[in-house]
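This report refers to the structure that appears directly beneath it.
The values are calculated or read from the model by the stated rules, or taken from the named source; none is laboratory data. Quick caveat: nothing in here was measured; it's all calculated off a predicted structure. When we count neighbours, we look across all protein chains shown, and the Cβ atoms used for this are built from the backbone with ideal geometry, even at glycine.
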Amino acid sequence: MQRLRGGSAAGRRLADPVRGVLWITLAMLLFAGLAVFSRMAMNAGLHPFEVVFLRNMFACLLLVPLLAYRGPSLLHSAQLGRYGLRVLVSLLSMQAWFYAISLITIGEVTAISFMAPLFGTLGAILVLGETVRLRRWTALAVGFLGAMIILRPGGSALGLGQLLAVASAMLTGISAVLMKQLTAQDDPDKIVFLTNALLLPLSLAPALLVWQWPTLAMVPTLLGMGVCAVLGHVSLVRGYTCIDASLALTFEFSKLPFTVAIAYLVFAETIDGWTWVGALVIFASAVYITRREAKLRRERMRGA
C-alpha cells in the first residue's frame with residue numbers, strides 16, 4: 001500500500017495507524033456480512049459444502065481483474081507444496097465454519113473463532129519451533145479458560161455446532177502459521193489469488209455430493225458473500241501493512257458486535273452473557289500473546 005505523499009514525517013506516521021485501524025474495522029464489518037450472507041444461503045436450502053464452493057467461485061470471479069493486472073507471474077510460485085497444504089487446511093476450516101453457523105448462532109461461532117490466535121501460537125511452537133516462556137503459556141491457559149466459559153462442558157451449551165466452531169478456529173490458527181511461511185517468498189496478492197484458485201477445484205468435489213442448483217433469487221446473496229469474502233481479505237491485508245499485528249488484533253474484536261448486531265437485525269438472533277464474557281477473556285489473552293511476541297521480536301532485532 002502506498003504511503004501518503006507530502007506533509008511531515010510525523011503526519012505520515014499518524015496517517016498510517018489511522019488508515020490501518022479503518023482498514024481492519026472495515027474488514028471485520030465485511031466478515032460479519034460474509035457470515036450473514038452465508039447463513040442466508042443455507043437458510044435458502046443450500047448445503048454448507050455447496051456454499052463453500054460457491055463462495056470460492058464468486059471470489060475467483062472477483063479476482064480475475066487482479067490476474068489481468070498482474071499477468072501470468074501471479075500463477076507461479078516456488079512454494080506450491082506449501083500452498084497445497086494450506087489450501088487443504090483452509091478448506092477444512094471453511095467447511096467446519098459454514099457448518100457451524102448452520103447449527104448455532106453466528107455470534108457464538110464468531111466468539112469461538114477468537115481462539116484462532118491461541119491455536120496459531122501452539123502451531124508456531126510445534127511447526128516453527130518457537131520458544132514460549134511462562135507468561136505466554138499462562139496467557140494461553142487463560143484463553144482456553146475463556147473457551148470453556150463459552151462452551152461450558154457438561155452443560156446444555158456444548159453440541160456439534162460448538163465443536164465444529166472450535167475445529168474451525170484450530171484449523172484457522174494452523175492456516176495462519178502456514179501463511180506466515182508463505183509470506184517469506186510471496187506477496188499478499190499472489191497468496192490471496194493462488195489460495196482461492198486452488199480452493200475452487202478442491203471445494204467442488206464435496207459440493208457435488210450434495211449439489212442442487214441455486215435459484216436466480218439466490219444470486220444476490222451469493223454475490224454478496226463473494227464480495228464480502230474478497231474485499232474483507234483485501235482490507236485485512238491492507239490494514240496489516242499499515243499497523244503492527246498487535247494493534248490490528250485489538251480492533252478485530254469489533255467483528256463480534258458487528259456480527260451480533262447484523263444477525264439480530266436479519267435473524268433476530270442473540271447471544272447470552274456468558275458468550276460475551278468468554279469472548280472477552282479469549283480476546284484479551286490473544287492480544288496479550290500477540291503484544292508479547294511483538295516485544296520479544298523487537299528485542300531480538302536490537303540484539304542482532
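So, of the residues in the stretch 250-282 that are among the charged types (D, E, K, R) and in contact (Cβ under 8 Å) with a residue 12 or more places away in the chain, which turns out to be surrounded by the fewest Cβ atoms within 10 Å (Cβ to Cβ)?
Checking each candidate, the answer is E269.
If a residue must be in a helix (DSSP H, G or I) and in contact with a Phe, Trp or Tyr (Cβ under 9 Å, 6 or more places away or on another chain), how many such residues does the stretch 206-219 contain?
Residues meeting the conditions: 4.
Do the conditions hold for S285, that is, is it in a helix (DSSP H, G or I), buried (at least 17 other Cβ atoms within 10 Å of the Cβ), at pLDDT 80 or above and among the hydroxyl-bearing types (S, T, Y)?
yes
Any residue at all in the stretch 243-256 that's closer than 16 Å to M57 by Cα, part of a helix (DSSP H, G or I) and of a type outside the set (S, T, Y)?
Within the stretch 243-256 (the criterion being closer than 16 Å to M57 by Cα, part of a helix (DSSP H, G or I) and of a type outside the set (S, T, Y)), the answer is no, since none of the residues qualifies.
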